[in-house]
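Here is the structure we will look at, set down as structure tokens.
Quick note: the coordinates plus some simple rules give every number you see, no bench work behind them. All values derive from a computational prediction rather than experimental measurement. Reconstructed Cβ throughout: ideal geometry from the backbone, glycine too, with neighbour counts over all protein chains shown.
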Amino acid sequence: MDLAVKTHSLSKSFGDLLVIRELNIDIKRSERVAFLGPSGCGKTTLLRCLSGLLTDYSGEIQRRYSKAGFVFQEPRLIPWSSLYNNLTFVTQDEKKIQRSLELVELDAFGNHHPSKLSGGMQQRANLARALIVEPDIIFFDEPFQNLDLKSNIKLMEAVKRIQKQQKWTAVLVTHGIREAVVFAQRIFILSKKPSHIIKEIDMTQEKETDFFSTKTAEYEKMILEYYE
Amino acid sequence: MKRRIPDWIVGVCLLFLFWWILSLIINQSLIVPSPYEVFVKIVEEIQRGKLLPALAMTFLKSIEGLGIALLIGTPIGIIMGISRRFEEWIRPSTMVLRSMPVVSWLSSVIVIWGMGWQAPIFIIVTTLLPLIIYNIAQGVKSIDVKLIEMAHVYQVPNARIFKQIYLGSIVPFLLSSVRVSLGTMWKVAIVAEFMAGDSGLGIEISWAKFYLETPTVFAFTSVAVLSGFLLEFLFDQFISLMYKKGYGIWT
């Protein structure tokens, strides 16, 4: 099996507080996976461990990718720089910048400063910055959380469309059940702290799930039961 | 619709009214000359060719002092903002600089350079330095650590992080230092010229005081105050122009 990330007995504590307990996960290349769990269960901590932003964990993580992008929960754009300059901050390659902006449909907004962009556009800029490094994997830390439904759907469609074209691995953490159902090919449901996987759902047999379909609603109902 | 007189014009009129009433009550131009007398004196001093060169000299010294203070203070402020240890090393010196009265410098400065242009510049630099250092250090400390983390995630070179995040973050603090410095430097320059200078508004005020020409003291002082206001006004205009052009989104 061609893996992008593999963990073995991954645990993470902050002082005496055990946040993640003994996680064993395999994430395949070009796969879209989502970690779903209640607020404060340690999803972001898990993502930071998987991406290497946190290194003081116990257990093992094998990262079998070379280039990673990160779509943060908040856009983290440099407020005094234009969108274009926010991207030149990461790379000076104009072609890559142009291509990324086109992919997220922001090519007409290169000269705009972040404050002039809507929340959804800022998150697409956040995605453009991740795409610029031509990643093998992108980590998504609840990128849809602060968006209205319309922007949320638009961003998710953009992510899925580009992921299908470019075939990078996508790892999403979220507490939005519908987002996870629509986005992922595999969903891991995490328990409350200390976090461990209580259910793995394979979505690969499902046809394209829609945000408002009855199938999505059924999944939502089923997943909610695990929360309780 | 009836147009309202701007409040600042009302304020200026009130100021002149108080001044005028005070001069009428005291009725001695040796103590408080009237606004009219002072205005006439300003015109006379301009015609005598004394006022404008003095103004230019004070302006040049002030700008030089500010420039030197920025050149020295900005890097020190940046390092102070980054390194807690360096901040502790520098803090006592900056505290002494901040609390030291202008006159305390003068005896040493006069011994070193005598009466001349160096003393006012030196005193402007020592007065502005702690203000600039603290402001810049504050700017560096206010940097969003999430932006720095983002930069590390994308392995952005340190030089670019410094240029785009660190310098970008300190710009508003740098501008506010300059804004505050403009008023302070002007006052300090005139005091330093008064005591150890050889040219400028301060020395003209000193001579006028020596000969008890109070209207001349008021004339030069009024010009100094007006020039200070004008300088701050022009700086504010410059900032808002930058903002409109999109260079100063941080403001």
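With a 10 Å cut-off around each Cβ of A:86-97, the average count of Cβ atoms from other chains is 2. Over chain A, Cα pairs under 8 Å with separation of 6+ residues give a relative contact order of 27 percent. Can you tell me the 0 to 90 degree angle between the C-alpha axis of helix B:168-196 and the longest principal axis of chain B, rounded to 10? Orientation of helix B:168-196: about 30 degrees from the principal axis.
Pairs over the 32 Å Cα-Cα cut-off, from the set A:Lys192/B:Lys163; A:Lys95/A:Lys215; A:Lys150/B:Lys146: A:Lys192/B:Lys163; A:Lys95/A:Lys215. Taking Cα atoms only, the orientation of helix B:84-99 departs from the longest principal axis of chain B by about 0 degrees. To the nearest ten degrees, helix B:51-82 and the longest principal axis of the Cα atoms of chain B are 20 degrees apart.
Footprinting exposure proxy ranking of A:Ile61, B:Ile46, B:Ile170, fewest other C-beta atoms within 10 angstrom first, gives B:Ile46, A:Ile61, B:Ile170. Of the GluC sites (Glu not before Pro) in segment A:164-227, the ones in a loop by DSSP (not H, G, I, E or B) with at most 12 other beta carbons within 10 Å are A:Glu208. For the cross-link pairs A:Lys43/A:Lys164; A:Lys28/A:Lys164; A:Lys167/A:Lys207; A:Lys67/A:Lys193, the ones whose C-alpha atoms lie over 20 Å apart are A:Lys43/A:Lys164; A:Lys67/A:Lys193.
Other residues within the sphere of radius under 12 Å centred on the Cβ of B:Lys61, judged by their own Cβ, net out at -3 (K and R +1, D and E -1). The residues A:Leu103, A:Leu17, A:Leu54, when put in order of fewest to most other Cβ atoms within 10 Å, stand as A:Leu17, A:Leu54, A:Leu103.
Charges only on Cβ, +1 for Lys and Arg, -1 for Asp and Glu: so what's the dipole of segment A:4-55 about the Cα centre, in debye to the nearest 20?
Values: 8 positive and 4 negative charges, 41 e Å.
My answer is approximately 200 debye.
In the elastic network of chain B, a GNM with C-alpha springs shorter than 10 Å, the most mobile of B:Ala192, B:Ala69, B:Ala159 is B:Ala159.
Would you list A:Lys154, B:Lys61, A:Lys12 from fewest to most Cβ contacts within 10 Å?
Sorted ascending by nearby Cβ count, the order is A:Lys154, A:Lys12, B:Lys61.
Relative to the globular-protein estimate of 2.2 N^0.38 Å, the Cα radius of gyration of chain A stands at 1.00.
What's the local net charge at A:Ser13, with K and R +1, D and E -1, over the other residues with C-beta under 13 Å away?
0
With 5 Å bins beginning at zero, the pair-distance distribution over Cα atoms of segment B:23-173 amounts to 2, 8, 12, 13, 12, 11, 11, 9, 7, 6, 4, 3, 2, 1, 0 %.
Just add up the charged neighbours of B:Val178: K/R +1, D/E -1, any other residue whose Cβ is under 15 Å from the Cβ of B:Val178.
-2
Here B:Lys50 is the anchor, and the lysines within straight C-alpha reach of less than 23 Å, apart from those fewer than 8 places off in the same chain, are B:Lys41, B:Lys61, B:Lys187, B:Lys209. Taking B:Glu44, B:Glu232, B:Glu88 in turn, the Gaussian network model of chain B (Cα-Cα springs below 10 Å) assigns the largest fluctuation to B:Glu88.
Hydrodynamic estimate: the Kirkwood radius of the protein assembly as shown over Cα pairs, inserted into Stokes-Einstein at 10 °C and 1.306 mPa s, corresponds to D of 58 µm²/s.
Taken residue by residue and averaged, Cβ atoms of other chains lying within 10 Å of the Cβ of B:162-174 number 2.
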